[in-house]
Amino acid sequence: MKDMRPAGRMWHLYKMGGITPAITSMFNAQTAQQMAFIRSMLKEQRKNSLYEIPLHNMELVVFDLETTGFSPYNGDEIISFGAVSVVGGEVLHDQTYYSVVNPKRKIPDEIEQLTGITNDMVADAPDLMQVLQEFLEFVQQKVLVAHGTAHDKNFLNAALWKTSKVSLSHRVLDTMMIAKWLMPRHKTYSLDSLLDAFDIDITLRHHALEDSLMTAKLWSRFMEEIKSRRVDTLGDLYTLLSHH
């Protein structure tokens, strides 16, 4: 039986996907507006069919997240977002996004050492809702690319659900999966190994923007090989990757 007390009614409306005056009264106006934007963006994305888009001029965003640990479902949080726009195989170095996030929990010492992001640095950083909105404004309806997407997708989905009760609806490509298809005999598919294999300079690892830029350069190299194999559309690429 549904709880139809005032708080129960508002929670029911929230779960049903409506941003209503009842919802606004549960949250401050800014939070409600940010939630409405995120939900609207993800709903709009689900309408788009991108499979026929030619790869040579496809708009995408290569992104990376840094986090306090490995499990978003056991209390770990995102501490930074990094992203760069790419068209086809051209990395648009002047179109980037980067922000640290206040995780509202202590960053473990080993993560501080790994990422260079300290508790002092995030103390006055924007919260997750604000950075998610900014990130999605940067991404718009573009295809997302990351290296080893499971980690980033899990955290992104957890963040979207926690803030706005929605799941990621963007198409996501994994440069690790593409490497396994293009380079089946390569010994390891870590980002460092692949950057070394393609003579891509390693700038600063475990920095969300720098990792995004290096992964974007890797994607650019992959695009040259993908074109040579006469793979023309996103749908073609997905079909090939589904077999690997």
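What the table shows:
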item	result
Search result, residues across segment 49-68 that are surrounded by 15 or more Cβ atoms within 10 Å (Cβ to Cβ) and assigned to a loop (DSSP other than H, G, I, E, B)	LEU50, ILE53, MET58, THR68
Index of the failed condition, PHE138 passing every other in (1) crowded, with 20+ Cβ neighbours inside 10 Å; (2) within 29 Å of TRP219 (Cα to Cα); (3) of a type in the set (A, V, I, L, M, F, W, C)	(1)
Some residue of segment 22-31 being exposed (fewer than 11 other Cβ atoms within 10 Å of the Cβ), over 22 Å from LEU156 (Cβ atoms) and at pLDDT below 85	yes
Complete set of residues in segment 97-127 that are in contact (Cβ under 8 Å) with a residue 60 or more places away in the chain and over 18 Å from LEU156 (Cβ atoms)	LEU114, GLY116
Qualifying positions in segment 187-202 - assigned to a loop (DSSP other than H, G, I, E, B) and either modelled with pLDDT of 95 or more or crowded, with 17+ Cβ neighbours inside 10 Å (or both)	THR188, TYR189, SER190, PHE198, ASP199, ILE200, ASP201, ILE202
Candidates HIS151, HIS147, HIS170 - the one that is touching a residue at least 12 places away in the same chain (Cβ under 8 Å) and either over 22 Å from GLU90 (Cβ atoms) or among the β-branched types (Val, Ile, Thr) (or both)	HIS151
Matching option when the condition is surrounded by 20 or more Cβ atoms within 10 Å (Cβ to Cβ), at pLDDT 95 or above, part of a helix (DSSP H, G or I) and among the hydrophobic types (A, V, I, L, M, F, W, C), among MET214, MET176	MET214
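The values are calculated or read from the model by the stated rules, or taken from the named source; none is laboratory data. Keep in mind the model is a prediction, meaning the values are calculated, not measured. As a convention, Cβ positions derive from the backbone with ideal geometry for all residues, glycine included, and neighbour counts pool all protein chains shown.
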